[in-house]
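What follows is a short report on a single structure.
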Amino acid sequence: MRRTGAQIIWECLQREAITHVFGYPGGAILPAYDAMLDYPIRHVLVRHEQSAVHMADGFARASGGVGVAIATSGPGATNMVTGIATAMMDSSPVVCITGQVDSALIGSDAFQEADITGVTLPVTKHNYLVTRADEVGPAIREAFYIARSGRPGPVLVDITKDAQQASCEFNWETAEPRPPGYRPDHRPRPSEYQDAAQLIAAARRPVMLVGHGVLLAEAAPLVRAFAERTGIPVALTLLGIGGFPASHPLNLGLMGMHGQAWVNEAVQQADLILALGMRFDDRVTGNVRTFAPHAKKIHVEIDPAEVNKIVRVDIALIGDLRDVMGTLLAEAAPGDRSDWLAHIDGLRANASARDVQNLPDDGRLYAAHVMHDVWRATDGNALVVTDVGQHQMWEAQYYRHDAPRTLITSGGLGTMGFALPASIGAKLARPDAAVWAVVGDGGFQMTMAELATVVQEQVKINVALINNGHLGMVRQLQHFFYGRRYAATPLVNPDFVALAGAYGIWARAVRTRAEVLPAVADAMRAPGAALVEFRVEPDDTVYPIVAPGADLHQMIRRPHPFTQRAADA
Ligand SMILES: Cc1cc2nc3c(=O)[nH]c(=O)nc-3n(C[C@H](O)[C@H](O)[C@H](O)COP(=O)(O)OP(=O)(O)OC[C@H]3O[C@@H](n4cnc5c(N)ncnc54)[C@H](O)[C@@H]3O)c2cc1C
Ligand SMILES: Cc1ncc(C[n+]2csc(CCOP(=O)(O)OP(=O)(O)O)c2C)c(N)n1
Ligand SMILES: [Mg+2]
């Protein structure tokens, strides 16, 4: 059949079962927008192209599918870069389609020309410049294949305006992708499995580190079965949260820079680390030279480039986590690690005495309380999307996630402004879920223009705005490491409730703990989107904290008994 390049874009998206695209139009992509009207795909009109990519990313992370973002050439395409880099760092499958100036004008500084394949080369898994209609189908089909196979990631397809306008024969079948040199399939050798099984059977103090790869591989049930058979406790990376149920007796919790003290201590005392789909980020390991010094290490990982990159391991099982865990489970010997678990329980009891949750209500509102109460009010069933900062860490510590894909957050790039748009994508992917965007007063202001998208597209999200009047996470670094010299971290904020009102969004401000549960319930009952502004303590600190580069067990702990007050800060 004969089609224009513009039509082929939508034919391909339809065949890839894409239901939503997130985008913003402009001259160089107009042929594609015009053709779009004839296809049954919902277009979500964003307010900034960075947000379009975050929405596609949120859609992908919530659904397990691929998210799609679309923009025009030049400023439209360059606005996408932060969103693309965010998806790249967290291995999220996103396909970005951009318009480009006519092929004859490339390199002439034509109106709205930017070399977006050049700009995005380091932050995409792969990218394409398409200058002919007959290249559109193969490029888009290959882009989807690359985005979702192996280690997922963002792929950009830049299509010139004349390629969109020209016609050619389109045949989906002949467009089957065969990218040269791309081999995403790896499998461990049987002897590697045997060596791993021996190390596991011999370990007396083993810990599993569950990472994002467990979610990407849809391997959570296998990991759970493996933990239960072997009695091995589980620590989670930030992006691994949901990969193992928080309520499970073998769950230890978050590890790393802001991980719980007992989790980091258990990792440091372990004699075996079984790292599953995680890449030993520096926020996870602290000082690499002293990381888990007594442990043999097994790394289950799909990307060979991640093996021995940061931490030297004794055995690497390179392959898809679901396949590898299936084989490991079949070979695993039942184990009893009750002495080790009892030891960790002792560490946990020691730490919990310092927990802010165990303190009497002193009339102040703490973000930790807010997150705990949001967890209670949502029965632990919400799909939470967090922004970046202190509130992100408090969510990770105090909202207990039992199911995969119920926490979406920007971990690797740490992109402020991620949460509001990503929550819109997540809600469109999972319309039945109660979606909460947990945002700081700083990051929210980076993409709050998307409140208009929320209203125009009638997306029922709920925003928990943790207003501490500061760029809290940076202020915290200044507090500990820069002699309390607070350069450029206090914020003068708008009236957030009035702001939401200007968009026609239900909103309420909360100042005391007693108001938290009713406000959360009312927000969810509100027929449209809702925003609750929690005016929390301005000087609160995320504990524990491992100083950058310090040993993982050398955490700065919350003072005990709890003494921190505004006046002490
Ligand atoms: C303010 C802030 C504070 C932070 N503090 C912490 C902290 O205290 N603790 C913490 O853990 N993190 C923290 N982070 C997040 C941290 O920066 C990293 O993003 C996070 O640790 C990465 O987790 P990960 O390795 O599990 O996931 P990713 O970085 O997404 O890596 C996933 C790995 O899984 C592999 N993989 C993908 N698919 C498969 C598959 N099918 N099979 C096998 N392997 C697969 C990938 O190749 C990759 O190596 C913080 C971030 C911010 C912004
Ligand atoms: C786009 C971007 N710019 C700067 C930073 C550095 N940074 C990390 S956390 C943070 C403060 C976030 O403040 P806020 O959104 O109010 O959250 P809080 O820490 O107060 O909870 C900053 C500036 C970042 N992560 N992303
Ligand atoms: Mg703040």
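Output the number of residues of the stretch 430-446 satisfying the condition of being more than 21 Å from Trp394 (Cα to Cα) and touching a residue at least 40 places away in the same chain (Cβ under 8 Å).
Number of matching residues: 2.
Any idea which of Gln476, Gln445 is of a type in the set (S, T, N, Q) and over 30 Å from Phe22 (Cβ atoms)?
Numbers: Gln445 fails: over 30 Å from Phe22 (Cβ atoms).
It is Gln476.
Assess whether Glu457 counts as being of a type in the set (Asp, Glu), more than 16 Å from ligand 3 (Cβ to nearest atom) and touching a Lys or Arg at 6+ places or on another chain (Cβ under 6 Å).
In short, no.
Among the residues that make up the stretch 81-96, is at least one of them more than 20 Å from the chain's Cα centre (by Cα), away from ligand 2 (no atom under 16 Å from the Cβ) and not hydrophobic (A, V, I, L, M, F, W, C)?
No, because not a single residue in the stretch 81-96 is more than 20 Å from the chain's Cα centre (by Cα), away from ligand 2 (no atom under 16 Å from the Cβ) and not hydrophobic (A, V, I, L, M, F, W, C).
What are the residues in the stretch 1-57 that are of a type outside the set (Val, Ile, Thr), buried (at least 24 other Cβ atoms within 10 Å of the Cβ) and within 16 Å of Gln456 (Cα to Cα), if any?
Listed by number, the residues that qualify are Phe22, Gly23, Ser51, Ala52, Met55.
Among the candidates Ala426, Ala396, single out the residue that is more than 16 Å from ligand 1 (Cβ to nearest atom), of a type in the set (Gly, Ala, Ser) and in contact with a helix residue (DSSP H, G or I) (Cβ under 8 Å, 6 or more places away or on another chain).
Ala426
Among the residues of the stretch 332-343, is any within 15 Å of ligand 1 (Cβ to nearest atom), modelled with pLDDT of 95 or more and either surrounded by 14 or more Cβ atoms within 10 Å (Cβ to Cβ) or acidic (Asp, Glu) (or both)?
no
Give me a count of the residues in the stretch 397-448 that are of a type in the set (Phe, Trp, Tyr) and away from ligand 3 (no atom under 15 Å from the Cβ).
Restricting attention to the stretch 397-448, the residues satisfying the condition of being of a type in the set (Phe, Trp, Tyr) are 398-399, 418, 436, 444.
Then keep just the ones that are away from ligand 3 (no atom under 15 Å from the Cβ); that gives 398-399, 436.
Adding up the residues that qualify gives 3.
Yes or no: Ala449 under 21 Å from Thr86 (Cβ atoms), in contact with a Phe, Trp or Tyr (Cβ under 6 Å, 6 or more places away or on another chain) and away from ligand 1 (no atom under 16 Å from the Cβ)? Give the derivation first.
On the way: under 21 Å from Thr86 (Cβ atoms): yes; in contact with a Phe, Trp or Tyr (Cβ under 6 Å, 6 or more places away or on another chain): no; away from ligand 1 (no atom under 16 Å from the Cβ): yes.
Against the criterion (under 21 Å from Thr86 (Cβ atoms), in contact with a Phe, Trp or Tyr (Cβ under 6 Å, 6 or more places away or on another chain) and away from ligand 1 (no atom under 16 Å from the Cβ)), Ala449 does not qualify.
Of (1) more than 16 Å from ligand 1 (Cβ to nearest atom); (2) within 25 Å of Asp281 (Cα to Cα), Ser410 satisfies all except one. Which?
Result: Ser410 passes all but (1).
Just to confirm my filter: which strands (runs of 3 or more DSSP E) fall fully inside the stretch 128-247 and include at least 3 residues that are buried (at least 20 other Cβ atoms within 10 Å of the Cβ)? Talk me through it step by step, then tell me what you get.
Details: elements: 155-160, 167-169, 206-210, 234-236.
The strands (runs of 3 or more DSSP E) meeting that bar are 155-160, 206-210, 234-236.
Being at pLDDT below 95, more than 13 Å from ligand 1 (Cβ to nearest atom) and assigned to a loop (DSSP other than H, G, I, E, B): is that true of Asp379 here?
Working: at pLDDT below 95: no; more than 13 Å from ligand 1 (Cβ to nearest atom): yes; assigned to a loop (DSSP other than H, G, I, E, B): yes.
Judged against the criteria, Asp379 is not a match.
Does Thr82 qualify as being more than 16 Å from ligand 3 (Cβ to nearest atom) and under 23 Å from Ser423 (Cα atoms)?
yes
Out of (1) assigned to a loop (DSSP other than H, G, I, E, B); (2) away from ligand 2 (no atom under 16 Å from the Cβ); (3) at pLDDT 95 or above, the odd one out for Val388 is which?
All conditions are met except number (2).
Report yes if some residue within the stretch 525-546 is surrounded by 12 or more Cβ atoms within 10 Å (Cβ to Cβ), part of a strand (DSSP E or B) and touching a Gly at 6+ places or on another chain (Cβ under 9 Å); otherwise report no.
There is at least one residue in the stretch 525-546 that is surrounded by 12 or more Cβ atoms within 10 Å (Cβ to Cβ), part of a strand (DSSP E or B) and touching a Gly at 6+ places or on another chain (Cβ under 9 Å).
Which one is nearest to Pro184 (Cα to Cα), of the residues in the stretch 272-311 that are in contact with a strand residue (DSSP E or B) (Cβ under 6 Å, 6 or more places away or on another chain) and assigned to a loop (DSSP other than H, G, I, E, B)?
Looking at the filtered set, the residue picked out is Val307.
Each row is one residue, and each column tells you yes or no for (1) within 16 Å of ligand 1 (Cβ to nearest atom); (2) of a type in the set (Ser, Thr, Tyr); (3) more than 18 Å from Ala17 (Cα to Cα).
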site	(1), (2), (3)
Val94	yes, no, no
Ile116	no, no, yes
Thr160	no, yes, yes
Ala175	no, no, no
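Using the structure shown, decide if Ile466 is within 15 Å of ligand 1 (Cβ to nearest atom), β-branched (Val, Ile, Thr) and under 17 Å from Val532 (Cα atoms). Spell out the reasoning first.
Details: within 15 Å of ligand 1 (Cβ to nearest atom): yes; β-branched (Val, Ile, Thr): yes; under 17 Å from Val532 (Cα atoms): yes.
Yes: the conditions hold for Ile466.
List pairs: first residue in the stretch 377-391 and farther than 9 Å from Leu407 by Cα, second residue among the hydroxyl-bearing types (Ser, Thr, Tyr) anywhere in the structure, Cβ distance under 7 angstrom, at least six positions apart or on different chains.
Val388/Ser410; Val388/Thr415
Take the residues in the stretch 354-372 that are outside any loop (DSSP other than H, G, I, E, B) and surrounded by fewer than 20 Cβ atoms within 10 Å (Cβ to Cβ); name whichever of them is farthest from the chain's Cα centre (by Cα). If you could, list the steps in order and put the result at the bottom.
Going through the stretch 354-372, the residues outside any loop (DSSP other than H, G, I, E, B) turn out to be 356-358, 367-372.
Then drop every residue that is not surrounded by fewer than 20 Cβ atoms within 10 Å (Cβ to Cβ), which leaves 356-358.
On the way: Val356: 26, Gln357: 26, Asn358: 30 Å.
Residue satisfying both the conditions and the ranking: Asn358.
Collect the residues in the stretch 133-166 that are in contact (Cβ under 8 Å) with a residue 40 or more places away in the chain and of a type in the set (Ser, Thr, Tyr), keeping them in residue-number order.
Listed by number, the list holds a single entry, Thr160.
Cβ-Cβ distance below 7 Å, separation of 6 or more or different chains: which pairs start in the stretch 478-501 with a residue that is aliphatic (A, V, I, L, M) and end on one that is assigned to a loop (DSSP other than H, G, I, E, B) and within 13 Å of ligand 3 (Cβ to nearest atom)?
Hits for this filter: Leu491/Gly469; Leu491/Leu471.
Which is among the charged types (D, E, K, R) and either under 20 Å from Thr120 (Cα atoms) or touching a Cys at 6+ places or on another chain (Cβ under 9 Å) (or both), of Arg47, Arg61, Arg2?
Arg2
Taking the stated definitions as given, is Gly443 within 16 Å of ligand 1 (Cβ to nearest atom) and closer than 30 Å to Leu250 by Cα?
no
The values are calculated or read from the model by the stated rules, or taken from the named source; none is laboratory data. Just so you know, these numbers come straight off a predicted model, no measurement behind them. Because the Cβ atoms are built from the backbone with ideal geometry, glycine has one as well, and the counts that use them run over all protein chains shown.
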